[in-house]
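**Q** Here's a structure for you.
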Amino acid sequence: MFQKVLVLCTGNICRSPLAAARLKQVVEDKGRDIEVRSAGLGALVGHPADPNALVVAEARGLDVSGHVAQQLTRDLMLWADLILVMENEQRGYLIEQSPTISGKVLLFGHWVGEEVPDPYREDLEVFEDTMDLIDQAAVEWGKRL
C-alpha cells in the first residue's frame, strides 16, 4: 500500500499545502502511518502559504503556518508511492517529463470527479470553496489509503 504521498500544485502556496495537511489529518485519524509532502511544479520557493490559505486552514483545524514552498524534484518524484496533482494538465506534464511514473500520478480530486481549481490571487470565498473540494477529495482518498 502507499506509504509516501506527494501532493502537487503550481506554486506550492495554496492548494497543495492545504491538500497535504488535510490528507495527513484524514489518514492520521484512521491510524495510518503515511508520510504526506507537498511541492510545486513552478513553486514560489521559500514562500510561506498564501495568507488566505492560512485563514481557511486555521478555520478547519489545520496548521500550515510553518509551510515553506518547494520545487518538485526528481528525487521527490522517486520518493513518492503516489503523486496527487490538482489538474489533468499537471498530470500530463509530469508523465511527459517522466513516463515511468505514469502509474502513480492521479488527480487529487479523482474520487470526486473534479479538478481542484487554483485560488491564487482570489478572495477568501474562493479559497473556502477550494478547501471544501479539497476536504471532500481528501476524505475519499482516506478511504482508499
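Only the coordinates and a few stated rules stand behind these numbers; no lab work does. Not measured: the values here are computed from a predicted model. Cβ sites come from the backbone with ideal geometry, for glycine too, and all protein chains shown count toward neighbours.
**Q** Could you please tell me which pairs satisfy a Cβ distance under 9 Å, a separation of 6+ or placement on different chains, a first residue in segment 55-69 that is without any contact (Cβ under 8 Å) to a residue 40 or more places away in the chain and farther than 14 Å from Asp135 by Cβ, and a second residue that is of a type outside the set (D, E, K, R) and not in a loop (DSSP other than H, G, I, E, B)?
**A** Ser65/Leu54; Ser65/Ala57
**Q** Select, from Val116, Val68, the only residue that is part of a loop (DSSP other than H, G, I, E, B) and within 21 Å of Phe2 (Cβ to Cβ).
**A** On the way: Val68 fails: within 21 Å of Phe2 (Cβ to Cβ).
Answer to the check: Val116.
**Q** For segment 1-20, name all the residues that are buried (at least 24 other Cβ atoms within 10 Å of the Cβ), in contact with a strand residue (DSSP E or B) (Cβ under 8 Å, 6 or more places away or on another chain) and not in a strand (DSSP E or B).
**A** Asn12, Ile13, Arg15, Ser16, Pro17, Ala19, Ala20
**Q** For segment 39-81, which residues satisfy the criterion of being under 14 Å from the mean Cα position of the chain (by Cα), crowded, with 20+ Cβ neighbours inside 10 Å and aliphatic (A, V, I, L, M)?
**A** Listed by number, the residues that qualify are Ala39, Leu41, Ala43, Ala49, Ala53, Ala57, Leu62, Val64, Ala69, Leu72, Ala80.
**Q** I'd like the residue in segment 112-134 that is in contact (Cβ under 8 Å) with a residue 60 or more places away in the chain, touching a helix residue (DSSP H, G or I) at 6+ places or on another chain (Cβ under 6 Å) and surrounded by 15 or more Cβ atoms within 10 Å (Cβ to Cβ) and, out of all such residues, is farthest from Arg91 (Cα to Cα).
**A** Glu128
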